[in-house]
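Here's the structure we're looking at; comments come further down.
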Amino acid sequence: MTDYIVFGSKRIDFELTFANRKSLGITVTPDLDVLVKAPDGTPIVDIKERLRKRAPWIIRQQSFFLSFHPKNPPRKFVSGETHLFLGRPYRLKIIASDTEAVKISGKFIEVFTADKSRTETLISEWYLDNARKKFHSIAQPLIKRFKKYEVEPSSIILRNMPTRWGSCTPRGKIILNPELIKAPKGCIEYVIVHELCHLVHHNHTQKFVDLQNREFRDWEKWKGRLERLLA
């Protein structure tokens, strides 16, 4: 069942299920959903009271996961439009040409094509190609640094994810959203370090936070930059 509580000016919706268990469990998912598992027969008033006590933690977790949510507004892919690359803004310039290509020239991202309707596809392919190259070079020294914890990702792959910047599978595969290529290098490093920390500590425990603080002291700065830049 779905229900909600109000904490201050914020409404917190949650999904409640009952099970044969001794204690109440609260989970915040990367998609910002709040999942509550309660022992069979627990009064709803008691469940809501427990949620109110945990509300500050729930809000912090949702805010944390929100930093991984891509929020770029829709683009029209017309000349003069601003597009980001590694945190810098560039103006789009579409140039009629029989040969298709995309390149940066000064303050412009130039798209050469005979068919303007191909612009979005060409830019997407260009972003993806650059993401493959840049993410690999950025990740390698970070991966090397984490070997002292006897961990190493089984692979790093790119995948468009509507609600996350990065993730780490139980088998050690790190998945990065290619949209990150629009953010500065520090933001990309932050996401990669975050996922590398998950190879050591799978959940967001205090040990995880301590490790992230130790390995990337400015992570909060770059987390905030990522939220603001791609909002």
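The values are calculated or read from the model by the stated rules, or taken from the named source; none is laboratory data. Bear in mind the structure is a predicted one, so any value in this text is a computation, not a measurement. We place every Cβ from the backbone using ideal geometry, glycine too, and count neighbours over all the protein chains shown. All accessible areas refer to the heavy atoms of the entire protein, side chains included, with ligands and DNA or RNA removed. Shrake-Rupley method; radii C 1.70, N 1.55, O 1.52, S 1.80 Å.
Need at least 1 residues that are among the basic types (Lys, Arg) per element, so show me which strands (runs of 3 or more DSSP E) inside region 1-101 make the cut, counting only ones lying wholly within it.
Fully inside region 1-101 and qualifying: 10-19, 34-39, 88-96.
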Within region 96-109, of all residues that are at pLDDT 95 or above and under 28 Å from the mean Cα position of the chain (by Cα), the one most open to solvent (accessible area, probe 1.4 Å) is Lys103
Quick one: would you say Tyr90 is open to solvent by less than 80 Å² (accessible area, probe 1.4 Å), under 30 Å from Lys207 (Cβ atoms) and more than 21 Å from the chain's Cα centre (by Cα)? no
Report, ordered by the first and then the second residue, all pairs with beta carbons closer than 9 Å, sequence separation of six or more or different chains, a first member in region 30-50 that is touching a residue at least 12 places away in the same chain (Cβ under 8 Å) and closer than 25 Å to Cys168 by Cα, and a second member that is hydrophobic (A, V, I, L, M, F, W, C) and part of a loop (DSSP other than H, G, I, E, B). Pro30/Phe68; Val36/Leu24; Lys37/Leu24
May I ask you to list the residues in region 187-225 that are open to solvent by less than 40 Å² (accessible area, probe 1.4 Å), among the hydrophobic types (A, V, I, L, M, F, W, C) and closer than 19 Å to Gly172 by Cα? Ile188, Val191, Ile192, Val193, Leu196, Cys197, Leu199, Phe208, Leu211
Picking from Arg164, Arg145, Arg171, which residue would you name as being exposed (fewer than 14 other Cβ atoms within 10 Å of the Cβ) and touching a residue at least 24 places away in the same chain (Cβ under 8 Å)? Arg145
Every residue in region 9-29 that is over 17 Å from Asn203 (Cβ atoms) and in contact (Cβ under 8 Å) with a residue 24 or more places away in the chain, please. Lys10, Ile12, Phe14, Leu16, Phe18, Leu24
Given (1) of a type in the set (D, E, K, R); (2) open to solvent by 60 Å² or more (accessible area, probe 1.4 Å); (3) without any contact (Cβ under 8 Å) to a residue 40 or more places away in the chain, identify the lone condition not met by Glu81. (2)
